[in-house]
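> Let me begin by handing over the structure; questions about it come next.
The values are calculated or read from the model by the stated rules, or taken from the named source; none is laboratory data. In this text the structure is predicted, and so the values were computed from the model without any measurement. No Cβ is skipped: glycine too gets one built from the backbone with ideal geometry, and neighbour counts run over all protein chains shown.
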Amino acid sequence: MVGAVVLVVVMIAEKRFHKSSPLTAEEKEKVLPDKQFEADTGQAAASDAKAMSEGILPAGLRRELLPKHVALIADGNRRWAKGKGMPSILGYGAGARSLLKFADLCCNWGIEVLTVFVFSTENWVRPRYEVDFLMEVIQKHIFEEGLENFMRKGILVSVIGDPSKLPTSLQKWMTKTAEATKNNSRLHFILAINYSGREDIVQACQSISRKVMGNLIKVQDIDETIFSQELKTNCTEFPCPDLLIRTSGEQRISNFLMWQLAYTEVYFDECLWPDFGEKEFVKALLSFQGRQRRYGGQH
């Protein structure tokens, strides 16, 4: 914690959340502002252009060996906040800022697709006040505050998952952002919100079944290519990630991109997500570049 003002904000938030009550609008504005984020994580906010070395790869990275598609499970936001003596849900704000910075790094270094597991269908079992707060963080920090940066950096934003259960205001911002960025092409930033890998496979099977019943395709014509085209990741040219990164020491894929991760290289890091910065990302990419991808072969 830095500064008396931050301490007061945390005390207020903690008092309110012990009552299972959301923060007021004034309190939300004070939750992890950019300066506190920089002090707590040692990272600059994504909006700080000076923190980025656009187009210049860190030492050791080879452009031709970079993954085209990186998938991310950004875990550890709540533990990060607890470790700093804050109510656990305040970690989401720091996590969102780290995510925008991470997307900037992908864009700057020439990675073509970034898919992030933002909110799973299983996350609805969390306390209502926590889910509501997380939805507001997603809308405010990723969409509202991120849109200008997406346009400036040429980032295309897509959302996969079932939007029907999401707050109406968030749905509107998702649509607005997708429409505004549709002609961007430097990085395809895919946000999996209310997403389930298993449900993605089920809906693909249902879609193919309807096409068979409608005589649009024949059963014998169904193959992996046709099936992949029915998955939610059909929005990108490279639907299968080359590298999956999961932070906070957890070592599972948690129902994320179940079909698409078949031959993905997996990298687990003990670092809690808000602290996962450029140095940690470079380490993950160096690990990826040192691997020999066999796709079932022997050599």
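> Which one of Ala178, Ala192, Ala262, Ala204 is at pLDDT 95 or above, over 18 Å from the mean Cα position of the chain (by Cα) and closer than 29 Å to Gly110 by Cα? Quick ask: steps written out before the conclusion?
Details: Ala178 fails: over 18 Å from the mean Cα position of the chain (by Cα); Ala192 fails: over 18 Å from the mean Cα position of the chain (by Cα); Ala204 fails: closer than 29 Å to Gly110 by Cα.
Only one candidate qualifies: Ala262.
> Then there is this: Would you check if Ser120 is among the hydroxyl-bearing types (Ser, Thr, Tyr), in contact (Cβ under 8 Å) with a residue 40 or more places away in the chain, touching a helix residue (DSSP H, G or I) at 6+ places or on another chain (Cβ under 6 Å) and buried (at least 17 other Cβ atoms within 10 Å of the Cβ)?
Values: among the hydroxyl-bearing types (Ser, Thr, Tyr): yes; in contact (Cβ under 8 Å) with a residue 40 or more places away in the chain: yes; touching a helix residue (DSSP H, G or I) at 6+ places or on another chain (Cβ under 6 Å): no; buried (at least 17 other Cβ atoms within 10 Å of the Cβ): yes.
No; evaluated as a whole, the condition is false for this residue.
> Would you point out which residue out of Phe133, Phe143, Phe102, Phe117 is farther than 30 Å from Gln289 by Cβ, aromatic (Phe, Trp, Tyr) and within 13 Å of the chain's Cα centre (by Cα)?
Numbers: Phe133 fails: within 13 Å of the chain's Cα centre (by Cα); Phe102 fails: farther than 30 Å from Gln289 by Cβ; Phe117 fails: farther than 30 Å from Gln289 by Cβ.
It is Phe143.
The rows are residues; the columns are (1) closer than 21 Å to Ile253 by Cα; (2) assigned to a helix (DSSP H, G or I); (3) out of contact with any Leu (no Cβ under 8 Å at 6 or more places or on another chain).
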site	(1), (2), (3)
Ile138	no, yes, no
Glu148	no, yes, yes
Thr177	no, yes, no
Asn184	no, no, no
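> Do we find a residue being within 21 Å of Pro241 (Cα to Cα), at pLDDT 55 or above and part of a helix (DSSP H, G or I) anywhere in region 64-71?
The initial filter retains those residues of region 64-71 that are within 21 Å of Pro241 (Cα to Cα), namely 64-71.
Subset that is at pLDDT 55 or above: 64-71.
Then drop every residue that is not part of a helix (DSSP H, G or I), which leaves 64-65.
So far as region 64-71 goes, yes, one or more of its residues are within 21 Å of Pro241 (Cα to Cα), at pLDDT 55 or above and part of a helix (DSSP H, G or I).
> Taking the stated definitions as given, is Leu147 of a type in the set (A, V, I, L, M), surrounded by 17 or more Cβ atoms within 10 Å (Cβ to Cβ), over 19 Å from Leu72 (Cα atoms) and out of contact with any helix residue (DSSP H, G or I) (no Cβ under 6 Å at 6 or more places or on another chain)? Write out each step before concluding.
Working: of a type in the set (A, V, I, L, M): yes; surrounded by 17 or more Cβ atoms within 10 Å (Cβ to Cβ): yes; over 19 Å from Leu72 (Cα atoms): yes; out of contact with any helix residue (DSSP H, G or I) (no Cβ under 6 Å at 6 or more places or on another chain): no.
No; evaluated as a whole, the condition is false for this residue.
> Still on this model: When residues of region 243-265 are filtered for being in contact with a helix residue (DSSP H, G or I) (Cβ under 7 Å, 6 or more places away or on another chain) and of a type outside the set (Ser, Thr, Tyr), how many remain? Let's see the steps before the verdict.
Restricting attention to region 243-265, the residues satisfying the condition of being in contact with a helix residue (DSSP H, G or I) (Cβ under 7 Å, 6 or more places away or on another chain) are 243, 245, 247-248, 255-260, 265.
Next cut, of a type outside the set (Ser, Thr, Tyr) only: 243, 245, 255-260, 265.
Result for region 243-265: 9.
> Restricting the search to region 173-186, which residues are within 25 Å of Ala94 (Cβ to Cβ) and either surrounded by 23 or more Cβ atoms within 10 Å (Cβ to Cβ) or free of Cβ contacts under 8 Å to residues at least 12 places away in the same chain (or both)?
Across region 173-186, the qualifying residue is only Thr177.
> Further, regarding this structure: What are the residues in region 266-289 that are farther than 26 Å from Arg79 by Cα and either touching a helix residue (DSSP H, G or I) at 6+ places or on another chain (Cβ under 9 Å) or surrounded by 21 or more Cβ atoms within 10 Å (Cβ to Cβ) (or both), if any?
Filtering region 266-289 down to residues farther than 26 Å from Arg79 by Cα leaves 286, 288-289.
Answer for region 266-289, where residues must be farther than 26 Å from Arg79 by Cα and either touching a helix residue (DSSP H, G or I) at 6+ places or on another chain (Cβ under 9 Å) or surrounded by 21 or more Cβ atoms within 10 Å (Cβ to Cβ) (or both): Phe288, Gln289.
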